Amino acid sequence: MIANKEVQHLENSAVKLTVTVEKDAAKKQYQDLLANYAKHAQIRGFRKGKAPAKILEQKYGEGIREEATVKLIEESLKQVFEEIEEKPLPYSQPELADEKELGKIEDGEDFTFAVVYDVYPDVKLGSYEGFEIEVPEVKVTKKDEDRELEKIQEQNSMVVEKAEGAKAAKDDIVTVNYVELDEEGKEKDESRREDFVFTVGTEYNLYKFDDDIIGMAKNEEKLIEKSFPEDYDYKELAGKSVKLKVLVTAIKEKQVPELDDELAQDVSDKYETLADLRKDIRRQLEESLEKKFREVKSEAIFDKIIEGSELAVPASMLTAELENSWQRFVQQSRMPEEQLVQFLQIQGKSKETVFEEWKPQAERSLKVQLLMEKIIEKESPEVTDDEVEAEIRKQAEENGQEFDELKEAFEKNGLMEMVKNDLRNRKGFDLLIEKNKIKTGKKADYLDFMQDKQ
């Protein structure tokens, strides 16, 4: 069936595959389809299935030719892909090249077509050892523990109505009705807002009247005049002066619990004292710090590995990576995708512009994955069944699950190999850190380091 096949390598791990199908096979594909249609065709003036082939060709020839061509190409590609090494990536659909130059499969000549698609990239791994990188000196301090304890206090605080006659103050949660007045003092209905809630001092309101609210009591009404600079955040108010009528309808305050053993017990049954809670906070902070150090070291090492290696990320692979990131972004936003797109449009963005912003990081991430595969292939770090079980046991403990149940779920859903691959990758990163020199640099604050502000 296949008379000839030729693979031409293009840029960015793409190929052009040119296939020539023997003329007899091409013609037979057309004639078989034509004969099949002839058996079932209902054409006026002829009994069903009795219309001559020429009549059928005159009436439906173009459509039959196109269908036969598609089938011939599909069958040919299926055969060729079993014979050549340059197979398309799972997410790279072969596309016809030079579609206008396609011949006619029924004209008695060899039928030639070409498709382009992405293949797995050729990765030329450079050196991955002997580098010297520097990381800052960072330690968990009591200040970091105290900051986490303050967060816990906030999370366990209660919002309650302030006492009768109490005045609004900074950090209070107030509910207001407000409306803008025109030059004659009449209310502008389009600006009216009722039961608007915000925290005093955050300026999370259009007119930023936080300071004007301070000192007001519940059910108190006030006329406020505001002037806004030319560079004000909201363009509709920039450079303008307005009058507002504001009515406070509720004032609430946040009651923060005492930092004591009772709070620790409220957080979890596993804590009996505040000291227990503080000890666990330090453990979590140190684990997070170790994880961050690992990321920083790995990124610095891979910057050098990428620089000394040769590989081109296929366009379809990059598109798939961006689409995966987009789906995670949608899930994290907790909005329907259409609503998220509308929200981006308000900010002057689109899915396409977001992809452009993400593209450099996505391309780097793929390069790291591809290079890591080569390193693991070369170093062959071993992962034992005992290590896989230990990892599942750890995950079970962290998530409060039974080990046997979690292991069974992993086995049932075919996830054991995923766990093994994850452990193999971790060993690969450990190996990279061992093979390169890590130098301790200047001291840095824990929070700054964790937020990449050092």
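Please give, to one decimal in nm, the separation of the simple spin-label points placed at Leu96 and Glu338, each 7 Å out from Cα toward the Cβ.
Distance between the two pseudo-spin positions: 3.4 nm.
Dipole magnitude of segment 244-355 about its Cα centre, charges +1 at Lys/Arg Cβ and -1 at Asp/Glu Cβ only, in debye to the nearest 20?
460
Which whole-number percent is the relative contact order of segment 295-388 (Cα, under 8 Å, 6+ apart)?
That works out to 38 percent.
Which chymotrypsin sites (Phe, Trp or Tyr not before Pro) in segment 216-308 pass both tests, a DSSP loop state and at most 16 other beta-carbon atoms within 10 Å?
Counting only loop positions with at most 16 other Cβ atoms within 10 Å, the chymotrypsin sites (Phe, Trp or Tyr not before Pro) in segment 216-308 are Tyr232, Tyr234.
Rounded to the nearest 0.05, what FRET efficiency do Phe81 and Asn413 give with R0 = 30 Å and r taken as the Cβ-Cβ distance? Could you check?
Calculated value: 0.50.
So for the chain, averaging the separation of alpha carbon pairs under 8 Å that are six or more residues apart and normalising by length, what relative contact order in percent results? Each step should come with its number before you reach the end.
Details: 601 pairs, mean separation 82.4, N = 454.
The normalised contact order for the chain reaches 18 percent.
For Leu431 and Ile306, calculate 0.36 nm times their separation in residues minus their Cα-Cα distance, and state this gained length in nm to one decimal.
Details: separation 125, 0.36 × 125 = 45.00 nm, distance 1.69 nm.
Gain on stretching Leu431 to Ile306: 43.3 nm.
What angle, in degrees between 0 and 90 and rounded to the nearest 10, separates the Cα long axis of helix 403-412 from the longest principal axis of the Cα atoms of the chain?
30
Would you check the accessible area of Lys167, probe 1.4 Å, heavy atoms only, in square angstrom rounded to 10?
110
Using only alpha-carbon positions, what ratio does the radius of gyration of segment 321-417 give when scaled by 2.2 N^0.38 Å?
Rg over 2.2 N^0.38 Å, computed on Cα atoms: 1.55.
Just going by the charge dipole of the chain, with Lys and Arg at +1 and Asp and Glu at -1 on Cβ, which of Phe111, Ala217, Phe355 is farthest out on the positive end?
Among Phe111, Ala217, Phe355, the one farthest towards the positive end of the dipole of the chain is Phe111.
Could you tell me what percent of the DSSP beta bridges with both partners in the chain are antiparallel, to the nearest 5?
So the antiparallel bridges amount to about 90 percent of the total.
What spacing in nm lies between the two simple spin-label points modelled at Lys226 and Ala238, each 7 Å away from Cα in the Cβ direction?
The answer from the label model is 1.7 nm.
Can you tell which of Val160, Gly130, Ile173 lies farthest toward the positive end of the dipole of segment 121-194, using +1 and -1 charges on the Cβ of basic and acidic side chains (Lys, Arg; Asp, Glu)?
The listed residue farthest towards the positive side: Val160.
Which loop GluC sites (Glu not before Pro) in segment 211-296, with loop taken from DSSP, have no more than 15 other Cβ atoms within 10 angstrom of their Cβ?
Glu220, Glu230, Glu236, Glu258, Glu272
Out of Ala25, Leu406, Val267, whose Cα points farthest toward the positive end of the dipole of the chain (charges: +1 Lys, Arg; -1 Asp, Glu; placed on Cβ)?
The one lying farthest along the dipole's positive direction is Ala25.
How long, wide and thick is the chain, going by the Cα atoms along their three principal axes, in whole angstroms, largest first?
98, 70, 47
What residues from segment 232-260 fall in the zone where the backbone N is under 18 Å from a label point 7 Å along the Cα-to-C-beta line of Glu190?
Answer for this model: 234-245.
Starting from the 7 Å offset along Cα-to-Cβ, what nm value, one decimal, do you get for the label separation of Thr199 and Asp24?
Taking the two extended label points, one gets 8.2 nm.
Let's see if you can work this out: charge +1 on each Lys and Arg Cβ, -1 on each Asp and Glu Cβ, no other charges. What is the dipole magnitude of the chain about its Cα centre, in debye to the nearest 20?
That gives a dipole near 1540 debye.
Divide by every residue of the chain the summed helix terms, -39500 (n - 2.57) for each DSSP H run of at least 4, and state the resulting mean residue ellipticity at 222 nm, rounded to the nearest 500 deg cm²/dmol.
The helix contribution divided over the chain gives -15500 deg cm²/dmol.
Multiply the residue gap between Ala163 and Val256 by 0.36 nm, knock off their C-alpha separation, and tell me the result in nm, one decimal place.
Working: separation 93, 0.36 × 93 = 33.48 nm, distance 1.63 nm.
Once the chain is fully extended between Ala163 and Val256, it gains 31.8 nm.
To the nearest 20 Debye, how big is the dipole of segment 111-235 about its Cα centre, given +1 on the beta carbon of each Lys and Arg and -1 on that of each Asp and Glu?
The calculation lands at about 300 debye.
Rounded to the nearest 0.05, what FRET efficiency do Ala396 and Asp32 have when you use their Cβ-Cβ distance and R0 = 45 Å?
Between Ala396 and Asp32 the formula returns 0.15.
Among the listed pairs Lys139/Lys439; Lys142/Lys297; Lys5/Lys378; Lys16/Lys378; Lys124/Lys291; Lys188/Lys208, which have their C-alpha atoms separated by more than 22 angstrom in this model?
Lys142/Lys297; Lys5/Lys378; Lys16/Lys378; Lys124/Lys291
Just the accessible area for Leu223, please: 1.4 Å probe, Å², rounded to the nearest 10?
100
The values are calculated or read from the model by the stated rules, or taken from the named source; none is laboratory data. As the structure is a prediction and not an experimental result, all values here were calculated from the model. Here Cβ is always computed from backbone atoms with ideal geometry, including for glycine, and neighbour counts include all displayed protein chains. SASA here: full protein model, heavy atoms, side chains in, ligands and nucleic acids out. Shrake-Rupley method; radii C 1.70, N 1.55, O 1.52, S 1.80 Å.
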